[in-house]
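Contents: one structure, followed by commentary.
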Amino acid sequence: DTAVSQTPKYLVTQMGNDKSIKCEQNLGHDTMYWYKQDSKKFLKIMFSYNNKELIINETVPNRFSPKSPDKAHLNLHINSLELGDSAVYFCASSQARQGAHEQFFGPGTRLTVL
Amino acid sequence: GESVGLHLPTLSVQEGDNSIINCAYSNSASDYFIWYKQESGKGPQFIIDIRSNMDKRQGQRVTVLLNKTVKHLSLQIAATQPGDSAVYFCAENAASGTYKYIFGTGTRLKVLA
(Lines give C-alpha, C1' and ligand atoms only; values in the text may rest on other atoms or scores of the structure.)
Protein backbone atom coordinates (compact mmCIF):
# COMPACT_ATOMS: atom_id res chain seq x y z
CA ASP A 1 0.00 0.00 0.00
CA THR A 2 3.04 2.28 0.18
CA ALA A 3 2.50 5.23 -2.14
CA VAL A 4 6.14 6.19 -2.71
CA SER A 5 8.79 3.67 -1.77
CA GLN A 6 12.56 3.90 -1.82
CA THR A 7 15.30 1.33 -1.47
CA PRO A 8 17.51 1.04 0.39
CA LYS A 9 16.51 2.95 3.52
CA TYR A 10 20.11 3.12 4.71
CA LEU A 11 23.25 3.08 2.63
CA VAL A 12 26.74 3.16 4.11
CA THR A 13 29.64 3.13 1.68
CA GLN A 14 33.23 4.17 1.16
CA MET A 15 34.40 7.26 -0.69
CA GLY A 16 34.91 6.63 -4.36
CA ASN A 17 32.27 3.92 -4.67
CA ASP A 18 29.29 4.02 -7.03
CA LYS A 19 25.80 3.45 -5.64
CA SER A 20 22.16 3.58 -6.73
CA ILE A 21 18.94 4.43 -4.98
CA LYS A 22 15.62 3.23 -6.37
CA CYS A 23 12.21 4.83 -6.16
CA GLU A 24 8.78 3.61 -7.14
CA GLN A 25 5.36 5.24 -6.88
CA ASN A 26 2.01 3.51 -7.23
CA LEU A 27 -0.09 6.68 -7.29
CA GLY A 28 -0.25 6.92 -11.06
CA HIS A 29 1.47 10.30 -10.98
CA ASP A 30 3.20 11.71 -14.03
CA THR A 31 5.98 13.55 -12.23
CA MET A 32 8.74 12.34 -9.95
CA TYR A 33 11.49 14.15 -8.08
CA TRP A 34 14.72 13.66 -6.18
CA TYR A 35 15.50 15.92 -3.23
CA LYS A 36 18.54 16.11 -0.99
CA GLN A 37 18.16 16.95 2.69
CA ASP A 38 21.33 17.96 4.49
CA SER A 39 22.23 17.73 8.15
CA LYS A 40 20.49 21.05 8.86
CA LYS A 41 17.26 19.67 7.40
CA PHE A 42 17.51 21.92 4.35
CA LEU A 43 15.56 20.29 1.51
CA LYS A 44 16.68 21.04 -2.03
CA ILE A 45 15.39 19.76 -5.33
CA MET A 46 17.88 17.95 -7.53
CA PHE A 47 15.95 16.50 -10.46
CA SER A 48 12.45 16.06 -11.77
CA TYR A 49 11.00 13.86 -14.50
CA ASN A 50 7.62 14.20 -16.14
CA ASN A 51 6.49 11.18 -18.11
CA LYS A 52 10.09 9.93 -18.27
CA GLU A 53 11.37 13.27 -19.55
CA LEU A 54 13.87 15.30 -17.51
CA ILE A 55 12.29 18.66 -16.72
CA ILE A 56 14.33 19.92 -13.77
CA ASN A 57 18.07 19.55 -13.48
CA GLU A 58 19.41 21.75 -10.74
CA THR A 59 23.07 22.55 -10.19
CA VAL A 60 24.08 19.06 -9.23
CA PRO A 61 27.50 17.45 -9.90
CA ASN A 62 27.38 15.26 -12.98
CA ARG A 63 28.37 12.35 -10.76
CA PHE A 64 24.63 12.21 -10.05
CA SER A 65 22.58 10.67 -12.84
CA PRO A 66 18.85 10.07 -12.63
CA LYS A 67 17.09 7.50 -14.75
CA SER A 68 13.38 7.00 -15.30
CA PRO A 69 12.63 3.70 -17.04
CA ASP A 70 8.90 4.42 -16.82
CA LYS A 71 6.76 7.04 -15.14
CA ALA A 72 6.37 4.94 -11.97
CA HIS A 73 10.11 4.63 -11.36
CA LEU A 74 12.91 7.11 -10.85
CA ASN A 75 16.35 5.90 -9.86
CA LEU A 76 19.38 7.88 -8.79
CA HIS A 77 22.89 6.69 -9.54
CA ILE A 78 25.86 8.35 -7.89
CA ASN A 79 29.42 7.83 -9.12
CA SER A 80 32.63 8.40 -7.19
CA LEU A 81 30.91 9.14 -3.90
CA GLU A 82 32.32 11.96 -1.77
CA LEU A 83 32.00 12.75 1.92
CA GLY A 84 29.77 15.71 1.09
CA ASP A 85 27.24 13.43 -0.55
CA SER A 86 26.23 12.18 2.89
CA ALA A 87 22.61 13.23 3.33
CA VAL A 88 19.07 11.92 3.24
CA TYR A 89 17.72 11.60 -0.29
CA PHE A 90 13.99 11.78 -0.80
CA CYS A 91 12.00 10.73 -3.80
CA ALA A 92 8.62 12.36 -4.39
CA SER A 93 5.84 12.25 -6.95
CA SER A 94 3.05 14.59 -7.94
CA GLN A 95 0.18 15.00 -10.33
CA ALA A 96 -0.62 18.46 -11.68
CA ARG A 97 -3.91 19.80 -10.36
CA GLN A 98 -4.86 23.14 -11.92
CA GLY A 99 -1.20 24.09 -12.11
CA ALA A 100 -0.40 23.01 -8.55
CA HIS A 101 1.72 20.02 -7.61
CA GLU A 102 1.15 18.51 -4.19
CA GLN A 103 4.13 16.26 -3.72
CA PHE A 104 4.05 12.90 -1.99
CA PHE A 105 7.37 11.95 -0.46
CA GLY A 106 9.00 8.60 0.10
CA PRO A 107 10.54 7.61 3.45
CA GLY A 108 14.03 8.69 2.42
CA THR A 109 17.39 6.99 1.97
CA ARG A 110 20.07 7.94 4.46
CA LEU A 111 23.39 7.85 2.64
CA THR A 112 26.57 7.86 4.72
CA VAL A 113 29.89 8.12 2.91
CA LEU A 114 32.92 7.12 4.99
CA GLY B 1 20.92 9.42 17.84
CA GLU B 2 20.58 12.07 15.21
CA SER B 3 22.63 15.23 15.38
CA VAL B 4 20.66 16.98 12.68
CA GLY B 5 18.80 20.22 12.89
CA LEU B 6 21.22 21.89 15.30
CA HIS B 7 20.51 25.25 13.68
CA LEU B 8 16.82 24.69 13.11
CA PRO B 9 14.54 27.29 14.70
CA THR B 10 12.54 25.65 17.46
CA LEU B 11 9.11 26.51 18.77
CA SER B 12 8.12 24.99 22.10
CA VAL B 13 4.45 25.00 23.09
CA GLN B 14 2.41 23.50 25.88
CA GLU B 15 0.08 20.71 24.95
CA GLY B 16 -3.35 22.14 24.30
CA ASP B 17 -2.09 25.60 23.35
CA ASN B 18 -2.21 26.97 19.82
CA SER B 19 0.95 27.02 17.71
CA ILE B 20 1.91 29.53 15.06
CA ILE B 21 4.73 28.74 12.66
CA ASN B 22 5.90 31.48 10.34
CA CYS B 23 7.53 31.49 6.95
CA ALA B 24 8.83 34.32 4.81
CA TYR B 25 9.20 33.96 1.08
CA SER B 26 10.86 36.24 -1.44
CA ASN B 27 9.60 35.16 -4.85
CA SER B 28 6.84 37.41 -6.17
CA ALA B 29 6.11 34.90 -8.93
CA SER B 30 5.01 32.21 -6.46
CA ASP B 31 1.28 31.55 -6.56
CA TYR B 32 0.94 28.27 -4.72
CA PHE B 33 2.16 27.44 -1.22
CA ILE B 34 2.24 24.23 0.77
CA TRP B 35 2.93 23.35 4.38
CA TYR B 36 4.59 20.03 5.08
CA LYS B 37 5.16 18.13 8.33
CA GLN B 38 8.22 15.94 8.70
CA GLU B 39 8.37 13.53 11.60
CA SER B 40 11.65 12.03 12.69
CA GLY B 41 12.90 9.41 10.25
CA LYS B 42 10.12 10.03 7.73
CA GLY B 43 9.55 11.99 4.57
CA PRO B 44 7.67 15.31 4.49
CA GLN B 45 3.90 14.91 4.56
CA PHE B 46 1.40 17.35 3.05
CA ILE B 47 -0.66 19.28 5.61
CA ILE B 48 -2.42 22.09 3.79
CA ASP B 49 -2.00 24.31 0.76
CA ILE B 50 -3.13 27.74 -0.37
CA ARG B 51 -3.22 29.58 -3.66
CA SER B 52 -2.27 33.22 -4.00
CA ASN B 53 -5.87 34.27 -4.73
CA MET B 54 -6.74 33.40 -1.13
CA ASP B 55 -5.51 34.80 2.17
CA LYS B 56 -6.78 32.10 4.49
CA ARG B 57 -7.57 28.43 4.29
CA GLN B 58 -8.67 26.11 7.05
CA GLY B 59 -8.26 22.40 7.52
CA GLN B 60 -8.76 20.13 10.45
CA ARG B 61 -7.10 21.94 13.38
CA VAL B 62 -4.83 23.81 10.96
CA THR B 63 -5.15 27.19 9.30
CA VAL B 64 -2.83 28.73 6.77
CA LEU B 65 -2.65 32.50 6.37
CA LEU B 66 -1.06 34.20 3.39
CA ASN B 67 -0.02 37.84 3.32
CA LYS B 68 1.21 38.59 -0.17
CA THR B 69 1.98 42.22 0.64
CA VAL B 70 4.77 41.27 3.01
CA LYS B 71 5.38 37.81 1.50
CA HIS B 72 4.54 35.99 4.68
CA LEU B 73 2.92 32.64 5.30
CA SER B 74 1.88 31.18 8.62
CA LEU B 75 0.57 27.86 9.85
CA GLN B 76 -1.66 27.83 12.89
CA ILE B 77 -2.26 24.59 14.74
CA ALA B 78 -5.12 24.61 17.23
CA ALA B 79 -4.97 22.64 20.48
CA THR B 80 -1.47 21.33 19.81
CA GLN B 81 -0.99 17.66 20.60
CA PRO B 82 2.15 15.56 21.24
CA GLY B 83 1.71 14.02 17.80
CA ASP B 84 2.22 17.44 16.27
CA SER B 85 5.87 17.41 17.30
CA ALA B 86 7.81 17.49 14.05
CA VAL B 87 9.68 19.78 11.68
CA TYR B 88 7.39 21.97 9.58
CA PHE B 89 8.32 23.31 6.17
CA CYS B 90 6.68 25.84 3.94
CA ALA B 91 7.20 25.42 0.20
CA GLU B 92 6.43 27.75 -2.68
CA ASN B 93 6.37 27.15 -6.38
CA ALA B 94 9.15 28.94 -8.25
CA ALA B 95 6.62 30.28 -10.75
CA SER B 96 3.00 29.67 -11.71
CA GLY B 97 2.47 26.11 -12.93
CA THR B 98 6.09 25.11 -12.49
CA TYR B 99 7.14 21.75 -11.13
CA LYS B 100 9.93 23.36 -9.12
CA TYR B 101 9.24 24.01 -5.46
CA ILE B 102 11.45 25.89 -3.04
CA PHE B 103 11.40 24.78 0.55
CA GLY B 104 11.91 27.02 3.56
CA THR B 105 14.46 26.24 6.24
CA GLY B 106 11.99 24.48 8.52
CA THR B 107 10.83 25.01 12.10
CA ARG B 108 10.97 22.33 14.76
CA LEU B 109 7.82 22.20 16.87
CA LYS B 110 8.20 20.69 20.33
CA VAL B 111 5.06 19.97 22.29
CA LEU B 112 5.54 20.02 26.04
CA ALA B 113 3.36 17.77 28.16
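This model, with +1 at the C-beta of Lys and Arg and -1 at the C-beta of Asp and Glu, gives chain B a dipole about its Cα centre of some 220 debye. Charged side chains reduced to their Cβ positions (Lys and Arg at +1, Asp and Glu at -1) give the protein assembly as shown a dipole of some 160 debye around its Cα centre.
Full extension of the chain between A:GLU82 and A:GLN95 gives 1.3 nm of extra length, using 0.36 nm per residue less the Cα-Cα distance. Check the straight Cα-Cα distances from B:LYS68 and name the aspartates and glutamates below 14 Å, setting aside those fewer than 8 residues away within the same chain. Within the straight-line cut-off, B:LYS68 pairs with B:ASP31, B:ASP55, B:GLU92. Solvent-accessible surface, computed for protein heavy atoms with a probe of 1.4 Å, shrinks by 50 Å² or more for the following residues of region A:37-79 when the other protein chains are added to the isolated chain: A:LYS40, A:LYS41, A:LEU43.
In region B:22-38, the residues that give up 20 Å² or more of accessible area when the other protein chains are added, compared with the chain on its own (1.4 Å probe), are B:TYR32, B:TYR36, B:GLN38. Accessible surface computed residue by residue for region B:10-112, with neighbouring protein chains in place and a 1.4 Å probe, gives 47 Å² per residue.
Take the solvent-accessible surface of the protein heavy atoms, probe 1.4 Å, and return the percent of it on region A:23-106 that carbon and sulfur atoms account for. It is 49 percent, rounded to a whole number. When +1 charges are put on Lys and Arg Cβ atoms and -1 charges on Asp and Glu Cβ atoms, the dipole computed for chain A relative to its Cα centre reaches about 200 debye. When only alpha carbons of the protein assembly as shown are considered, Rg and Dmax amount to 17.6, 50 Å.
If one puts a single equal scatterer on every Cα of chain A and applies the Debye formula without solvent, what log₁₀ I(q)/I(0) results at q = 0.10, 0.12 Å⁻¹? Debye output, listed in q order: -0.26, -0.38. Buried accessible area for the A:B pair, summed, 1.4 Å probe, in Å² rounded to 100? Accessible area lost upon association: around 2200 Å². Solvent-accessible surface of region A:4-113, averaged per residue with a 1.4 angstrom probe and all protein chains in place: 46 square angstrom. What is the percent carbon and sulfur in the accessible area of region B:10-112, measuring with a 1.4 Å probe over the protein chains and ignoring ligands? The computed percentage sits at 46. The alpha carbon gyration tensor of region B:10-112 gives principal lengths a ≥ b ≥ c with a/c of 1.5 or higher and a/b greater than b/c, which makes the shape prolate.
The values are calculated or read from the model by the stated rules, or taken from the named source; none is laboratory data. Note that the structure is a prediction, hence the values are computed from the model and not measured. With ideal geometry, Cβ positions are generated from the backbone for all residues, glycine too; neighbour counts draw on all protein chains shown. Surface areas here come from the heavy atoms of the whole protein model, side chains and all, with no ligands, DNA or RNA. Shrake-Rupley method; radii C 1.70, N 1.55, O 1.52, S 1.80 Å.
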